[in-house]
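A short write-up of the structure that comes next.
Computed from the coordinates by the stated procedures, all read-outs in this text should not be read as laboratory data. Everything numeric in this text was worked out from a predicted model, so none of it was measured. Please note: Cβ atoms are built from the backbone with ideal geometry, for glycine as well, and neighbour counts cover all protein chains shown.
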Amino acid sequence: MINVNQINIERRILHILIGIILLLLIIFNLLSPLHLFFLLILSGTLSLISLKYKIPIVNFFLERFEGKEIDLPGKAFLLFMAGILLTLKLFPKNIALASIIILVFSDPISHIVGKTLGRTKYFLDKRKNIEGHIAGFIVGSLLAMFFVSPLLAIAGSLVAMLFESIIIEVQETQLDDNLIIPLAAGTTMFLVFRFLM
């Protein structure tokens, strides 16, 4: 029997792999925001259909990587896609790509390192470890530097990791970090570029 920690780590690795594929397709202009929008609509439709019917490939991923308490199948993937789409539409391409790479790597790295090496509880969220956030910040900063200056990369990654640890609720619904991380990183980098550079 597979334990929950193994599934969570596998889920984070899948998050990175899907993110890398999407990022490369965006960088090489093979995936536009319009394509992402249609992919999001298709994914949402499959999610709603899978509430009633088992779709073979979709069902495999849902059973393998989703928690039992999910109210909408594939919700994390849908919000991941929505976060990427919004980031591409709201920010200049270099900032959007830096925000996406922070989402793709910082979030899963922080969870993996936090679960495997973490010892110090994070003061903003006692369920998480500070070592994970530091690892996520460092990896996100370094990778974002491929698209933006070091100052922007560090600022975006730092704020993204701070927002990742804060539970944000809107009308009693907790916002997913797949949506929060790229928007927080992109907004920070945009504002720093606009007003400090």
For the chain: relative contact order, % (alpha-carbon pairs under 8 angstrom, 6 or more apart): 21
Under DSSP loop assignment and at most 16 Cβ neighbours within 10 Å, longest trypsin sites (Lys or Arg not before Pro)-free interval of the chain: 120-197
DSSP loop GluC sites (Glu not before Pro) with at most 11 other Cβ within 10 Å: longest gap in the chain: 70-171
Stokes-Einstein diffusion coefficient of region 84-163, Kirkwood radius over Cα pairs, 4 °C, 1.567 mPa s, in µm²/s: 103
Dmax and Rg, reported as Rg then Dmax, of region 62-121 (C-alpha, Å): 14.5, 39
Cα-only radius of gyration and Dmax that characterise the chain, units Å: 16.7, 54
Approximate spin-label separation Lys121-Leu72, in nm, with each point projected 7 Å along Cα-to-Cβ: 3.3
Virtual spin-label span in nm between Leu25 and Phe195, 7 Å along Cα→Cβ: 3.6
